[in-house]
Ligand code: MRU
């Protein structure tokens with residue numbers, strides 16, 4: 001079951017997915033979104049498909065080919081978040097490791113692997129939260145965040161929002177500035193929803209207000225999530241993150257990224273090589289189903305941008321805080337990850 005995030009916060013509708021096609025559709029249409037969440041969803045999609053094929057009594061050879069096609073299709077859903085490809089690689093490896101088994105046995109192993117990916121994500125997020133709090137020596141921190149990086153974007157708890165939750169638990173949090181995150185409004189619709197549910201104090205602002213509040217000395221740190229981090233620390237995250245990082249640098253506000261090791265793509269040297277998803281410009285010219293621009297207005301909609309590593313004070317991972325942010329420190333810190 002997938003909570004349809006497009007309808008939040010006004011409606012909580014659950015969508016049942018019984019095969020990989022339906023899961024792929026849920027990812028493409030943003031019913032499920034957020035880098036770790038789409039990775040885990042894809043893994044479950046593959047497991048569902050494997051069970052469906054095994055139940056149909058497919059031969060071992062056909063099963064292998066059908067699963068390769070399934071994983072390939074899941075990989076075509078969204079291009080930027082590397083967690084999707086990381087999860088698919090894990091499922092591919094499990095498929096190869098179990099190639100000697102009958103389809104039913106392989107399907108059971110794939111289901112266990114999807115379950116492991118989901119369970120690990122919860123633990124990883126808790127560790128990110130713990131490491132993140134160690135960066136804050138004072139109480140009453142006012143944290144600004146962008147997009148949604150909480151339970152909705154992960155399996156549970158969250159990355160940047162996990163650090164915010166951990167700060168609240170440690171009585172180190174005063175309040176959260178929530179960027180609305182135009183055009184898709186992940187901040188207004190989803191982060192505000194999660195913080196309200198938790199009873200954590202927050203104030204919703206439009207993205208253009210961040211500089212104003214930094215100038216006024218009302219932001220102690222910025223914490224965001226990530227969709228893909230290159231070997232040198234350049235970080236792709238929701239569109240608007242780069243502008244925030246520039247503002248934070250100017251105002252000497254520390255800018256932190258919180259992400260699991262599965263968000264690092266050590267195969268690419270810098271952020272220039274990160275593919276940026278281009279979404280429907282209609283999501284810019286329309287707001288909640290209402291046109292907000294003259295008919296025929298041209299619009300652009302890159303869904304992510306890349307923040308150069310020089311603007312990032314530290315990256316918080318489940319293995320610890322990467323600071324200073326160098327290629328070597330990244331490799332040393334996440335070297336022990338399960339790839
Ligand atoms: O387009 P989305 O909503 O999937 O983008 C999500 C983000 O950019 C998040 O900040 C990122 O995935 C980190 S989620 C823990």
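The values are calculated or read from the model by the stated rules, or taken from the named source; none is laboratory data. This structure is a prediction, so every number in the text was calculated from the model and none was measured. Counting neighbours? That spans all protein chains shown, and the Cβs are built from the backbone with ideal geometry, glycine included.
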Check your understanding: What do you reckon, is residue 284 assigned to a strand (DSSP E or B) and surrounded by 15 or more Cβ atoms within 10 Å (Cβ to Cβ)?
Key -> no
Review point. Out of the residues in region 154-173 that are in contact with a strand residue (DSSP E or B) (Cβ under 7 Å, 6 or more places away or on another chain) and part of a loop (DSSP other than H, G, I, E, B), which is farthest from residue 247 (Cα to Cα)?
Key: 172
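Does residue 73 satisfy the criteria of being away from the ligand (no atom under 16 Å from the Cβ), at pLDDT 95 or above, part of a helix (DSSP H, G or I) and surrounded by 14 or more Cβ atoms within 10 Å (Cβ to Cβ)?
Yes: the conditions hold for residue 73.
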Revision key, fill the gap. Taking region 207-221 and keeping only residues that are more than 20 Å from residue 138 (Cβ to Cβ) and more than 21 Å from the chain's Cα centre (by Cα), one is left with 208, 209, 210, 211, 212, 215
Check your understanding: Inside region 171-206, can you point out the residues that are more than 19 Å from the chain's Cα centre (by Cα) and under 19 Å from residue 288 (Cα atoms)?
Key -> 204, 205, 206
Review point. Going through region 322-339 one residue at a time, which ones are within 23 Å of residue 251 (Cα to Cα) and either assigned to a loop (DSSP other than H, G, I, E, B) or under 18 Å from the mean Cα position of the chain (by Cα) (or both)?
Key: 323, 324, 325, 326
**Study point:** Unique match (being under 30 Å from residue 284 (Cα atoms) and modelled with pLDDT of 95 or more) among 137, 145
**Key:** 145
**Study point:** Condition broken by residue 155, with the remaining ones in (1) away from the ligand (no atom under 11 Å from the Cβ); (2) assigned by TED's automatic domain parsing to the domain that holds residue 258; (3) farther than 21 Å from residue 239 by Cα satisfied
**Key:** (1)
Practice item. Take region 76-106 and flag every residue that is in contact with a helix residue (DSSP H, G or I) (Cβ under 9 Å, 6 or more places away or on another chain), within 16 Å of the ligand (Cβ to nearest atom) and assigned to a loop (DSSP other than H, G, I, E, B). Key: 76, 77, 78, 80, 81
Check your understanding: Does region 120-153 hold any residues that are surrounded by 24 or more Cβ atoms within 10 Å (Cβ to Cβ), in contact with a strand residue (DSSP E or B) (Cβ under 7 Å, 6 or more places away or on another chain) and in a helix (DSSP H, G or I), and which are they?
Key -> 128, 132
Check your understanding: Does region 306-313 contain any residue that is within 16 Å of the ligand (Cβ to nearest atom), under 17 Å from the mean Cα position of the chain (by Cα) and closer than 17 Å to residue 147 by Cα?
Key -> yes
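Determine which member of the set 60, 75, 39 is without any contact (Cβ under 8 Å) to a residue 40 or more places away in the chain and not assigned by TED's automatic domain parsing to the domain that holds residue 261.
After applying the criteria, what remains is 75.
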**Study point:** Scan of region 187-199 for residues that are in contact with a helix residue (DSSP H, G or I) (Cβ under 9 Å, 6 or more places away or on another chain) and under 12 Å from residue 177 (Cβ atoms), ordered by number
**Key:** 187, 191, 195
Point to revise | Top-ranked residue in region 287-304 [being in contact with a helix residue (DSSP H, G or I) (Cβ under 8 Å, 6 or more places away or on another chain) and more than 17 Å from residue 185 (Cβ to Cβ); ranked as surrounded by the fewest Cβ atoms within 10 Å (Cβ to Cβ)] | key: 300
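Give 216, 210, 170 a once-over and let me know the one that is touching a residue at least 40 places away in the same chain (Cβ under 8 Å) and farther than 28 Å from residue 38 by Cα.
Testing whether each residue is touching a residue at least 40 places away in the same chain (Cβ under 8 Å) and farther than 28 Å from residue 38 by Cα leaves just 210.
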Point to revise | Filter result for the condition that a residue is over 22 Å from residue 263 (Cβ atoms), touching a residue at least 40 places away in the same chain (Cβ under 8 Å), over 20 Å from the mean Cα position of the chain (by Cα) and not assigned by TED's automatic domain parsing to the domain that holds residue 262, over 66, 50 | key: 50
Exercise for review: For region 234-251, indicate whether the set of residues that are surrounded by fewer than 18 Cβ atoms within 10 Å (Cβ to Cβ), outside the structural domain of residue 89 (by TED's automatic domain parsing), away from the ligand (no atom under 11 Å from the Cβ) and not in a helix (DSSP H, G or I) is non-empty.
Suggested key: yes
Review point. Are any of the residues in region 174-188 surrounded by 24 or more Cβ atoms within 10 Å (Cβ to Cβ), within 16 Å of the ligand (Cβ to nearest atom) and assigned to a helix (DSSP H, G or I)?
Key: yes
